[in-house]
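Working notes, beginning with the structure itself.
The values are calculated or read from the model by the stated rules, or taken from the named source; none is laboratory data. As the structure is a prediction and not an experimental result, all values here were calculated from the model. Cβ sites come from the backbone with ideal geometry, for glycine too, and all protein chains shown count toward neighbours. The accessibility values were calculated without ligands, DNA or RNA, using every heavy atom of the protein model including side chains. Shrake-Rupley method; radii C 1.70, N 1.55, O 1.52, S 1.80 Å.
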Amino acid sequence: MYQKVRCSKTPPARSAAYVCFIAEGGKIHADDKTLDQKSDGAMSQAAKRTDVSGDVGETNVVYAKKRAFVMVGIGKLARVNANTMRIAGSRAVATLHRIGATSAHVSFHDGLNRRGKHAELGQAFGEGCGLGAFSFDTFKKLTSKQVGAKSLAIGSGDAEIDSAMRRGLALADSANFARELAATPPNVATTTYIAKQAQQLARKNATLSCSVLKGDALERERLVGLQNVGKASENEPCLIKLTYTPRRKSTGTIVLVGKTITYDTGGLSIKGGNGMKGMKYDKNGGMAVIGAMHAVAQIKPDCKVIALMPTAENSISDEAYRPDDIIEYPNGVTVEVTNTDAEGRLVLADGLAYACRRLKPDAVIDLATLTGGVVVALGKFRAGLWCEDSSLRKRIEAASEKTGELVWRLPLDREYRDMMKSQHADIWNSAPVRHAHPIQGAAFLSYFVDDSVPWAHLDIAGTSQVDSNAGPYSAGPTGFGVRLLAEFLDSWSS
Ligand code: BES
Ligand code: ZN
Ligand code: ZN
């Protein structure tokens, strides 16, 4: 697959391929008549074939005058939206790579400009191209590593669409940065490795700075969740802090908190059966957050953004924390550990309480692969959202709809908070009944956020990774949250 997709202002070279969008029924838009003529009518000939349907994401290639014309289906023209274009982009890129193209002219016909939608659809197409070009082959030594063209330049010949595509490609780059880290195996992506990645990101961007709290600093700040969850591993736990400072006057401070468990064995409450495989993805909340900072450094919103990544490995040894342990957080809340596999909430509690105690946030958003229960409830299509602040919630939902990283609100009534009250301490990390697991997680976290701070929790256990190709994603990590957060922060500041 391509290592890089970029948008070029200069018209693609004479050897370039053409991409055009065809609607359901294999309809070539009237606007693409000249393009069809360039293909000596090969496009319209192909469009008549019964196997060319114009369904979303279907691609067909015809050749004329030594040029490739890639026809990408977009379904019913009246129904085309950003999601359609993300899928179209991801399929177009795969096809362009297969035929060895290094540049492509993308024809956005007038039919896509209803209500001035060219820019929105151009951005989505750019996102799709970038997301579709992701592949994780770092560890493939013998097979198919980097065959074919290495980079692709796309251009539309229209300045507005090009700049929208460029933004889309940049957002996809940030998501792919998160996906690459997410896919990196736990023997490589240790706690220190993740910290180094954050430091490197800050070194490359003048608006970002990074600090890492570990060892004595954890003790000083009483980050007891991290200390306990990380105790059994030879890889030291840490709190990674990435700060973005806007050049202009700041419009407030947003804190992002991402669960970064580099591996979740369950601890002494060990995961059984097939439950452990795939737990390298238990760092994906943190990867969403670091990916969002990667994007923030490009789109430069006017608000201050602080990313906190409580990072630990939930492992097993004679030093492991145990079910029955009681730990006390600096906000005075005591927690009885009933299940060491409910570790995410313990480290997130550190992040949330630290944010409220130290960072004076205008809003806090946490992302975590917190529960298997949310996958049962919502599947792989929507993340669970808990947010009792309607203004913050609306902003998150708007960013979600715009980016196609979908969420669904779940409740957080007092009764759920009461479920978390423990027999031996203030609260326990998991109630003895399995009822409403994902909500229990959110309810637990609520004990660590000051009432005055607008807060949202996203359980991304289902959406952060897919087992088979879905939408613009290939099987593997999706980078869920990166584009949503970037869009949210951008709209917060404007
Ligand atoms: N990391 C898991 C949640 C998870 C499960 C993510 C499956 C992705 C796929 C989390 O730490 C966990 O183990 N949660 C428990 C919670 C329970 C012990 C309260 C769960 O979901 O069963
Ligand atoms: Zn767990
Ligand atoms: Zn976990």
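Within region 38-48, restricting attention to residues that are of a type outside the set (A, V, I, L, M) and under 16 Å from Phe21 (Cα atoms), the residue that is least open to solvent (accessible area, probe 1.4 Å) is Ser39.
Please tell me if Asp451 is outside any loop (DSSP other than H, G, I, E, B) and surrounded by fewer than 24 Cβ atoms within 10 Å (Cβ to Cβ). Against the criterion (outside any loop (DSSP other than H, G, I, E, B) and surrounded by fewer than 24 Cβ atoms within 10 Å (Cβ to Cβ)), Asp451 does not qualify. Has region 282-290 got at least one residue that is within 16 Å of ligand 2 (Cβ to nearest atom), among the basic types (Lys, Arg) and within 26 Å of Ser400 (Cβ to Cβ)? Yes: one or more hits. The number of residues in region 208-222 being of a type in the set (S, T, N, Q) and in contact with a helix residue (DSSP H, G or I) (Cβ under 6 Å, 6 or more places away or on another chain) comes to 1.
Among the conditions (1) more than 15 Å from ligand 1 (Cβ to nearest atom); (2) not in a loop (DSSP other than H, G, I, E, B), the only one that Glu388 does not satisfy is (2).
Answer yes or no: is there a residue in region 196-203 that is touching a Ser or Thr at 6+ places or on another chain (Cβ under 9 Å), modelled with pLDDT of 95 or more and of a type in the set (Lys, Arg). No, region 196-203 has no match at all.
Restricting region 285-305 to residues that are touching a Pro at 6+ places or on another chain (Cβ under 9 Å) and open to solvent by less than 10 Å² (accessible area, probe 1.4 Å) leaves a set whose member that is nearest to Phe480 (Cα to Cα) is Met287.
It is to be established whether one or more residues within region 349-361 are open to solvent by 40 Å² or more (accessible area, probe 1.4 Å), within 14 Å of ligand 3 (Cβ to nearest atom) and within 31 Å of the chain's Cα centre (by Cα). No, region 349-361 contains no residue that is open to solvent by 40 Å² or more (accessible area, probe 1.4 Å), within 14 Å of ligand 3 (Cβ to nearest atom) and within 31 Å of the chain's Cα centre (by Cα). The residues of region 382-405 that are under 21 Å from Gln123 (Cα atoms), out of contact with any Leu (no Cβ under 7 Å at 6 or more places or on another chain) and touching a residue at least 40 places away in the same chain (Cβ under 8 Å), listed by number, are Arg395, Ala398, Lys402, Gly404. Of the residues Asp467, Asp459, the single one that is among the charged types (D, E, K, R), under 17 Å from the mean Cα position of the chain (by Cα) and within 16 Å of ligand 2 (Cβ to nearest atom) is Asp459. Restricting the search to region 279-327, which residues are within 15 Å of ligand 1 (Cβ to nearest atom), over 30 Å from Ser422 (Cβ atoms) and over 15 Å from the mean Cα position of the chain (by Cα)? Once the filter is applied, which keeps residues that are within 15 Å of ligand 1 (Cβ to nearest atom), over 30 Å from Ser422 (Cβ atoms) and over 15 Å from the mean Cα position of the chain (by Cα), region 279-327 yields only Lys280. Within region 56-92, the set of residues being in a helix (DSSP H, G or I) and small (Gly, Ala, Ser) comprises Ala78, Ala82, Ala88, Gly89, Ser90, Ala92.
No other residue among Val466, Val433 is of a type in the set (Val, Ile, Thr) and open to solvent by less than 50 Å² (accessible area, probe 1.4 Å) apart from Val466.
The selection criterion, being touching a residue at least 24 places away in the same chain (Cβ under 8 Å) and in a helix (DSSP H, G or I), does not hold for Val212. Residues that are surrounded by fewer than 21 Cβ atoms within 10 Å (Cβ to Cβ) and either under 25 Å from Gly266 (Cβ atoms) or touching a Phe, Trp or Tyr at 6+ places or on another chain (Cβ under 7 Å) (or both) within region 201-214 comprise Thr207, Lys214, listed in sequence order.
Considering every residue within region 248-262, establish whether at least one is of a type outside the set (Val, Ile, Thr), in contact with a Gly (Cβ under 7 Å, 6 or more places away or on another chain), part of a strand (DSSP E or B) and surrounded by 14 or more Cβ atoms within 10 Å (Cβ to Cβ).
Checked against the condition, which is being of a type outside the set (Val, Ile, Thr), in contact with a Gly (Cβ under 7 Å, 6 or more places away or on another chain), part of a strand (DSSP E or B) and surrounded by 14 or more Cβ atoms within 10 Å (Cβ to Cβ), region 248-262 yields at least one hit.
Selection of region 71-112 for residues being over 25 Å from Lys402 (Cβ atoms) and among the β-branched types (Val, Ile, Thr) yields Thr95, Ile99, Thr102.
Consider region 83-96 and keep the residues that are surrounded by 21 or more Cβ atoms within 10 Å (Cβ to Cβ) and in contact (Cβ under 8 Å) with a residue 60 or more places away in the chain. The one that is nearest to Ile22 (Cα to Cα) is Ala88.
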